[in-house]
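Reading through the structure tokens given below for one structure.
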Amino acid sequence: MAKPSLREIEHLLADAVIVRNVCDLDLLIFLWRHPRTLLTSEQVAALVGYPMKQIAESLDLFIDSGLLERTQNALHAARMYLLNLDGPHGNPLKPLLDLGSTREGRRRIIEALRSEASPNQSAGPQDKVRIMRVA
């Protein structure tokens with residue numbers, strides 16, 4: 001499989017409108033690898049490596065879009081997260097997730113996300129650390 005160009009990756013991101021930043025991408029890849037996950041939100045944040053606030057915003061976006069279901073049990077703090085790629089936002093994500101599941105693919109998607117960001121949107125310190133690990 002040939003490496004997609006930056007333009008092709010930008011097109012994948014445009015189709016997958018739900019991916020706004022690197023946190024969204026990494027959380028989606030985590031959920032794609034673990035489509036049925038029983039964890040607290042804090043555990044998800046720790047496993048994905050982002051602050052709880054960022055993870056909560058991404059989780060809320062995915063839930064509001066119908067991409068993710070979250071069940072709650074009154075007896076446990078942990079919740080079951082169920083990823084649904086069969087809905088309207090799911091199909092365009094599959095090629096992006098395939099690409100993002102590789103080291104080089106993830107690096108290239110991050111590059112495309114950065115090129116789409118406005119000059120006023122700078123990368124947070126967490127994003128810079130994660131990019132250095134990938135490079």
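Would you confirm whether any residue within the stretch 87-97 is farther than 26 Å from residue 115 by Cα and either modelled with pLDDT of 95 or more or open to solvent by less than 30 Å² (accessible area, probe 1.4 Å) (or both)?
Yes, that holds for at least one residue.
Against the conditions (1) part of a strand (DSSP E or B); (2) modelled with pLDDT under 90, where does residue 132 fall short? Just the number, please.
Among (1) part of a strand (DSSP E or B); (2) modelled with pLDDT under 90, residue 132 violates only (1).
Could you tell me whether any residue of the stretch 43-65 is modelled with pLDDT of 90 or more, in a loop (DSSP other than H, G, I, E, B), open to solvent by 30 Å² or more (accessible area, probe 1.4 Å) and closer than 18 Å to residue 113 by Cα?
no
Would you mention how many residues in the stretch 3-42 are among the charged types (D, E, K, R), more than 22 Å from residue 103 (Cβ to Cβ) and either part of a helix (DSSP H, G or I) or open to solvent by less than 50 Å² (accessible area, probe 1.4 Å) (or both)?
2
Across the stretch 47-74, which residue is farthest from residue 101 (Cα to Cα) among those that are in contact with a helix residue (DSSP H, G or I) (Cβ under 9 Å, 6 or more places away or on another chain) and among the small types (Gly, Ala, Ser)?
56
The values are calculated or read from the model by the stated rules, or taken from the named source; none is laboratory data. Given the structure is predicted, the values throughout are model-derived calculations rather than measurements. FYI the Cβ positions are ideal-geometry reconstructions off the backbone, even for glycines, and counts take in every protein chain you see. Only protein heavy atoms, including side chains, enter the accessible area calculation; ligands, DNA and RNA are left aside. Shrake-Rupley method; radii C 1.70, N 1.55, O 1.52, S 1.80 Å.
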